[in-house]
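Right, one structure below, let's go through it.
Every number in this text was worked out from the coordinates using simple rules, so none of it is lab data. In this text the structure is predicted, and so the values were computed from the model without any measurement. Don't worry about glycine lacking a Cβ; one is built from the backbone with ideal geometry, like all the others, and counts go over all protein chains shown.
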Amino acid sequence: MKPSLLAMVFLVFCGLIGCSKSEMIEPGSLVTKWVLVKDSSGYIVGAGGWDTTSYIGVAGDYFDFRNDGKCYTKEGNVYDTLAYQLAGSNKVTIAKFGPNINGENSPSTIDPFTEHRATITSPDIITPGGTSFRVVNLKK
């Protein structure tokens, strides 16, 4: 099997194993200030090579989702404002969070989503050089 095909099979297999029943996101339940636990992004290269970066949240880091469709973030000494909107029962579109294809952000998945925890995962983008991703873990 070619390395790129092997990587694709691996990603599909991981996606199937990771499927679980998701709690439906009610519009008001996401709107709050979440504590940032971990922000990971990376690139899967070939058949198993990983290039990842992880930021472990420190006291004062947050993702603050507001009713006006804005999410204010703080990671270390970096502040940002992101536009967001719910895009389905467990999906949210967040500007500048995941991949931007043809000027549009793809919906990211929030799974698991509970009263006290949320994990936001960008869709994987497969390119000839590998697959890129971003995962943010939040808690209340």
- Taking the Cβ-Cβ separation of Asp64 and Ile125 as r and a Förster radius of 22 Å, what is the calculated FRET efficiency to the nearest 0.05? 0.25
- Query: Gain in length, Lys96 to Ser40, computed as 0.36 nm per residue apart minus the alpha-carbon separation, to one decimal in nm?
  - Reply: 18.7 nm
- Message: Suppose each label sits 7 Å from its Cα in the direction of the beta carbon; what would the Tyr79-Lys140 distance come out to in nanometres?
- Response: 2.6 nm
